[in-house]
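These notes are about the structure you will find just below.
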Amino acid sequence: MIIYPAIDVYESKAVRLKRGDYEQMTVYSDDPASVALGFKKAGATHLHVVDLEGAREGKPANQEIIHQIASRSGLFTQVGGGIRTSETIEKYISAGIKRVILGTAAVSQPGFLQEMVKKYGDAIAVSVDIKDGMVAIKGWTEVSNQDALTFCETVSGLGVQTLICTDISKDGMLSGTNMELYQTLRSKLSIGLIASGGVTTLEEISTLSELGMDGAILGKALYTGDIDLSEAVKACQ
């Protein structure tokens with residue numbers, strides 16, 4: 001299982017939210033690229049980056065900063081947030097981003113998702129953000145009419161090779177992750193699954209690995225020191 005330390009970017013800063021609430025934001029660094037270098041020093045090989053303004057506004061707002069994060073760190077970087085056009089995807093991939101994550105666009109434009117998967121293959125992932133069993137969109141500010149499990153099964157049928165699944169109620173709360181959700185998804189889907197939201201202990205990381213998850217995104221627990229990144233990486237080797 002691969003550990004993905006997370007950097008959420010807002011106004012060119014590294015921040016964290018609670019349950020996706022933009023009113024509950026903590027700024028951790030004015031230099032997100034230096035945060036990525038710290039993760040690399042601790043043994044990380046991969047990175048999860050989200051353009052929070054992009055997710056909310058529907059268009060990228062921090063592309064240059066994100067390009068710097070990827071180029072300075074040299075880590076395998078996957079990026080989400082406001083990616084809703086082929087031009088945006090092309091710009092990220094041309095800049096060295098290894099995986100582009102579609103969220104709102106995957107829900108509202110399934111044809112576009114399928115077209116991008118055909119063009120870019122496993123460089124396209126889908127983020128499934130779950131609130132009360134339904135898929136949330138637009139930076140978690142709206143809830144769609146799509147049942148989360150049904151949506152995951154549908155997306156997997158379109159050729160998507162990686163799903164990033166987040167239980168919004170757990171995100172940024174340091175209260176533990178939703179193991180039942182990941183057990184269910186793993187039992188029904190054979191594609192790559194990355195857990196996100198509330199992962200707080202090394203024991204949870206070990207359990208996710210034993211469940212057969214392909215990755216786990218670590219956010220607030222890294223910034224607060226609840227999880228030591230180097231220990232988390234070692235636990236998955």
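Every condition in (1) surrounded by 22 or more Cβ atoms within 10 Å (Cβ to Cβ); (2) in contact with a helix residue (DSSP H, G or I) (Cβ under 7 Å, 6 or more places away or on another chain); (3) under 22 Å from LYS98 (Cβ atoms) holds for ILE191 except the one numbered (1). Going by the structure shown, is LEU163 buried (at least 21 other Cβ atoms within 10 Å of the Cβ), within 17 Å of the chain's Cα centre (by Cα) and either farther than 20 Å from GLU57 by Cα or at pLDDT 95 or above (or both)? Yes.
Residues that are surrounded by fewer than 21 Cβ atoms within 10 Å (Cβ to Cβ) and in contact with a strand residue (DSSP E or B) (Cβ under 8 Å, 6 or more places away or on another chain) were ranked within region 7-21; the one that is farthest from HIS67 (Cα to Cα) is LYS18.
Checked against the criterion of being touching a Cys at 6+ places or on another chain (Cβ under 6 Å) and either buried (at least 17 other Cβ atoms within 10 Å of the Cβ) or not basic (Lys, Arg) (or both), the candidates VAL35, VAL128, VAL49 yield just one match: VAL128. Taking the residues in region 48-75 that are within 23 Å of ILE194 (Cα to Cα) and charged (D, E, K, R) as candidates, determine which candidate is nearest to the chain's Cα centre (by Cα). Looking at residues that are within 23 Å of ILE194 (Cα to Cα) and charged (D, E, K, R), I get ASP51. Residues that are surrounded by 15 or more Cβ atoms within 10 Å (Cβ to Cβ), under 24 Å from VAL27 (Cβ atoms), touching an Asp or Glu at 6+ places or on another chain (Cβ under 9 Å) and at pLDDT below 95 do not occur anywhere in region 147-155. Working only within region 114-139, note down all residues that are touching a residue at least 40 places away in the same chain (Cβ under 8 Å) and in contact with a strand residue (DSSP E or B) (Cβ under 6 Å, 6 or more places away or on another chain). Hits for region 114-139 are VAL117, ALA125, SER127, ASP129, ILE130, ALA136. For region 81-107, filtered to residues that are under 16 Å from VAL155 (Cα atoms) and modelled with pLDDT of 95 or more, the residue that is surrounded by the most Cβ atoms within 10 Å (Cβ to Cβ) is ILE101. In summary, ILE124 fulfils each of the numbered conditions (1) within 13 Å of the chain's Cα centre (by Cα); (2) under 16 Å from SER196 (Cα atoms) with the single exception of condition (2). In region 66-79, the residue that is nearest to TYR10 (Cα to Cα) out of those that are surrounded by fewer than 24 Cβ atoms within 10 Å (Cβ to Cβ) and touching a strand residue (DSSP E or B) at 6+ places or on another chain (Cβ under 7 Å) is ALA70. Taking only region 52-84 into account, find how many residues are out of contact with any helix residue (DSSP H, G or I) (no Cβ under 8 Å at 6 or more places or on another chain) and either among the basic types (Lys, Arg) or free of Cβ contacts under 8 Å to residues at least 12 places away in the same chain (or both). Residues in region 52-84 being out of contact with any helix residue (DSSP H, G or I) (no Cβ under 8 Å at 6 or more places or on another chain) and either among the basic types (Lys, Arg) or free of Cβ contacts under 8 Å to residues at least 12 places away in the same chain (or both): 2 in total.
The values are calculated or read from the model by the stated rules, or taken from the named source; none is laboratory data. Please read these numbers as outputs of a predicted model, since none were measured by experiment. All Cβ positions, even for glycine, are placed from backbone atoms using ideal geometry, and neighbour counts span all protein chains on display.
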